[in-house]
Amino acid sequence: MKNFELYNPVRVIFGNGESEDIGQYVDGLGKKALVVSYGSATLNALRGRVEASLKSRGIEVVPFYCITANPLLSHIREAVDICRAQGVDFCIAVGGGSVMDSTKAIAAGALYEHDLWKMFISRHDCDVCIPPERSLPTVMIPTLPATSSEMNCIAVATNDETKEKAYIYTAALYPTLAIMDPALTCTLPASHTVVGAVDAMSHVLEAYLNGDQRSPLQDRLHEGILVTIMGELREILKDPTNVEHRANMQWAACLAWNGYLQSGLDAPTPMHQMGHVLSALYNTPHGVTLAIFMDAFFRYTSKLNEERARRFALLGVKIFGLDPQMPAAEAAAKTVDMMVSFMDEIGVPHTLSSAGIPLSDIEKIADEIVAHGCNAEGMLPSIPPIGTEGIMEILNMAKGE
Ligand code: NZQ
Ligand code: ZN
């Protein structure tokens, strides 16, 4: 395990019904709140309850309901202007990762003195950003288990002018409060539930496969989270309104990416770096981009060398109950096959063609991955680091023709 610093100041209120009267939890945050949500009518009833609860405590509500999936920098800019013009005191997110990330960027942006795009790290390890140091207080009311945005200091958005998806990652972005009410997730259709679960699985797998490999405690925690997400997802697909299963899923997805499990691993996120390019170019849902690379990247890396094969074999033993005596190469291949079968079972597209991405664009996609996902040496951080040839190989494996 590597040295690490862990700091997570987010106050969490978790439980069925906790979103009914959110006003009781926001005392002291201010008198005027920007409430951020999607442009669709999906969460209308919840937004109505949130607005009513705030107003009943004398808090003025400024609604900003126009966020899209794969959120846009232009919307963040618009909301920051509103916050400044109207003297907003704090911001509330009502939605999934796209809404929560936007809200965090808006709240930091309201106090930021440079151009907002400078808050974002647009290339994995290069020094082009000026991280925000302050933020208005933020309250997260998550409605989709996936990103753990409610409990971490990350915000991801697409620059709609440059078609670049990038992220902010700095302590100022930690939410003040997360009100996690699993009942809110019961309305999710199967497609969004599945895509969110795949994202949470990918968070575990990025760290498990690409982080420090001498951390047995973190390994066991990751395996537990992964088994839980996969098991709960199967139950939810059978019984979508079962709030117990929804609760287990929500907490597991939150723990998968709130920083606890990544401590001491120092893990890069190669599948995410590649996936962000697909979302930026084709608006592909984030979890679908991860499903594509959980197939192709796994096939590619599991065969690279004996050490990689042993890691995938261990995963198969712990997750799928493979025989620990099975030769590593055979177990690694079986692990990848079983993961792909699981994706078929839950019905998530996991190839470029099934996700509607034009195969003729593969070289352009590779160029974008190198420009935005690779380090200054042109390598995609991973175990082992992957160069342009490897990226092309992964993309060819992802075609799925
Ligand atoms: O608007 P409609 O069509 O109704 O659908 C909404 C939304 O567009 C629907 N939805 C959300 N809650 C619902 C619901 N439908 C019914 N009932 C509910 N309770 O879900 C659609 C997708 O929502 P979105 O917020 O985009 O999904 P998700 O939570 O998966 O967030 C994805 C975004 O988070 C970023 C991704 O890159 C992507 O932009 N990520 C953020 C991270 C972080 N902050 O740490 C890490 C992740 O790796 C990820 O990069
Ligand atoms: Zn993710």
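The values are calculated or read from the model by the stated rules, or taken from the named source; none is laboratory data. Values in this document were obtained by computation on a predicted structure and should not be read as measured data. Every residue, glycine as well, gets a Cβ built from its backbone with ideal geometry; the counts of neighbours run over all protein chains shown. Remember, those area values only see protein heavy atoms, side chains included, never the ligands or the DNA or RNA. Shrake-Rupley method; radii C 1.70, N 1.55, O 1.52, S 1.80 Å.
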Response to the item:
When restricted to 202, 263, the only residue under 25 Å from residue 9 (Cα atoms), buried (at least 22 other Cβ atoms within 10 Å of the Cβ) and either modelled with pLDDT of 95 or more or within 16 Å of ligand 1 (Cβ to nearest atom) (or both) is 202
Practice prompt. Please list, ordered by first then second residue, the pairs with beta carbon atoms under 7 Å, 6 or more apart or interchain, first in the stretch 146-172 and farther than 19 Å from residue 95 by Cβ, second near ligand 1 (Cβ under 6 Å from one of its atoms).
Written response: 169/154
Discussion item. For the stretch 389-401, which positions are within 21 Å of residue 209 (Cβ to Cβ) and open to solvent by 40 Å² or more (accessible area, probe 1.4 Å)?
Written reply: 389, 392, 393, 396, 397
Worksheet item: Taking the stretch 274-284 as the region of interest, how many residues are within 11 Å of ligand 2 (Cβ to nearest atom) and either open to solvent by 10 Å² or more (accessible area, probe 1.4 Å) or in a loop (DSSP other than H, G, I, E, B) (or both)?
Response: 1
Worksheet item: Looking at 188, 177, which is the one that is more than 11 Å from ligand 1 (Cβ to nearest atom) and either open to solvent by less than 10 Å² (accessible area, probe 1.4 Å) or out of contact with any Phe, Trp or Tyr (no Cβ under 7 Å at 6 or more places or on another chain) (or both)?
Response: 177
Worksheet item: Out of all the residues in the stretch 126-151, which are within 7 Å of ligand 1 (Cβ to nearest atom) and in contact with a Leu (Cβ under 8 Å, 6 or more places away or on another chain)?
Response: 143, 144, 148
Item to complete: Among the residues of the stretch 236-250, count how many are farther than 18 Å from residue 142 by Cα and either hydroxyl-bearing (Ser, Thr, Tyr) or buried (at least 16 other Cβ atoms within 10 Å of the Cβ) (or both).
Response: 1
Worksheet item: Does at least one position in the stretch 37-53 carry a residue that is at pLDDT 95 or above, open to solvent by 40 Å² or more (accessible area, probe 1.4 Å), assigned to a helix (DSSP H, G or I) and among the polar types (S, T, N, Q)?
Response: yes
Discussion item. Can you tell me how many residues within the stretch 63-93 are under 19 Å from residue 154 (Cβ atoms) and in a strand (DSSP E or B)?
Written reply: 5
